[in-house]
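Before any comments, here is the structure.
The values are calculated or read from the model by the stated rules, or taken from the named source; none is laboratory data. Small disclaimer: the values here were computed from a predicted structure and weren't measured. Reconstructed Cβ throughout: ideal geometry from the backbone, glycine too, with neighbour counts over all protein chains shown. To get the accessible areas, we keep the full protein, side chains included, count just its heavy atoms, and leave off ligands, DNA and RNA. Shrake-Rupley method; radii C 1.70, N 1.55, O 1.52, S 1.80 Å.
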Amino acid sequence: MDHEFDLAFELLDDAIERLQQQQYGITAVEQHNHGEDLLLTSGHTYSGGAGHKLTLLATYKDSGQTAAAVEVTAPDLDTEPHARIVKVQAGDLMFHAIPGTWSFRATGRRTYIITAGVADQPMWTLSAGGAPATSDSIAELVDQILTAEAT
């Protein structure tokens, strides 16, 4: 089914690379490997207290809707950046990151929360009001959500 989680994970690497190579400013990214139907826009801010923050946004050229957005932050360029997915489109739903977690929430007919596992937990868990579903594939869980939304 139609979702952009794979794109979001790829954008994390792109955003880290842009920060480390000091490709700053608010710019449209003309050359990228994520498909001709997407426009990438990068924005960078810096403050002495917070350090660097780079946001990479992918929008669909035809509609202008957000496909995915990621952020990377670092206090300085010598520190490993912290990367996170901010939002991801899946069908008619927009998943938003829950701050401080690797969980994503979307509201449709129900509220859906997909959470990344740690250690010996399942790779992904979907909570939607009933018994949680688990999978090693986020795409499988998103497919379940989109199927439920379509019925």
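Pairs meeting the criteria (first residue in region 99-110 and among the aliphatic types (A, V, I, L, M), second residue part of a strand (DSSP E or B), beta carbons under 6 Å, at least 6 apart or on different chains) are Ala106/Leu93; Ala106/Phe95; Ala106/Tyr112.
Restricting attention to region 1-25, the residues that are touching a residue at least 40 places away in the same chain (Cβ under 8 Å) and surrounded by fewer than 17 Cβ atoms within 10 Å (Cβ to Cβ) add up to 6.
Looking at Ala68, is it under 26 Å from Leu146 (Cα atoms), in contact (Cβ under 8 Å) with a residue 40 or more places away in the chain and of a type in the set (A, V, I, L, M, F, W, C)?
So Ala68 passes the test.
Just one of the numbered conditions (1) touching a helix residue (DSSP H, G or I) at 6+ places or on another chain (Cβ under 8 Å); (2) assigned to a loop (DSSP other than H, G, I, E, B) is not true of Leu126: (2). Going through (1) open to solvent by 20 Å² or more (accessible area, probe 1.4 Å); (2) on the phi < 0 side of the Ramachandran plot one by one, Ile138 falls short only on (1).
Given Tyr46, Tyr24, which one is closer than 21 Å to Pro75 by Cβ, of a type in the set (Ser, Thr, Tyr) and modelled with pLDDT of 90 or more? Step by step, each of Tyr46, Tyr24 is checked, and only Tyr46 is closer than 21 Å to Pro75 by Cβ, of a type in the set (Ser, Thr, Tyr) and modelled with pLDDT of 90 or more. Taken over region 109-126, the criterion of being of a type in the set (S, T, N, Q) and surrounded by fewer than 17 Cβ atoms within 10 Å (Cβ to Cβ) is satisfied by Thr111, Gln121.
Quick check, is Leu40 crowded, with 18+ Cβ neighbours inside 10 Å, touching a strand residue (DSSP E or B) at 6+ places or on another chain (Cβ under 9 Å), at pLDDT 90 or above and within 16 Å of Lys87 (Cβ to Cβ)? No. With respect to (1) under 15 Å from Thr55 (Cα atoms); (2) more than 11 Å from the chain's Cα centre (by Cα); (3) surrounded by fewer than 19 Cβ atoms within 10 Å (Cβ to Cβ), the lone exception for Arg84 is condition (2). Pairs meeting the criteria (first residue in region 123-151 and in contact (Cβ under 8 Å) with a residue 12 or more places away in the chain, second residue in a helix (DSSP H, G or I) and open to solvent by 50 Å² or more (accessible area, probe 1.4 Å), beta carbons under 7 Å, at least 6 apart or on different chains) are Leu126/Gln144.
Residues in region 90-108 that are open to solvent by less than 70 Å² (accessible area, probe 1.4 Å) and among the hydroxyl-bearing types (Ser, Thr, Tyr): 2 in all.
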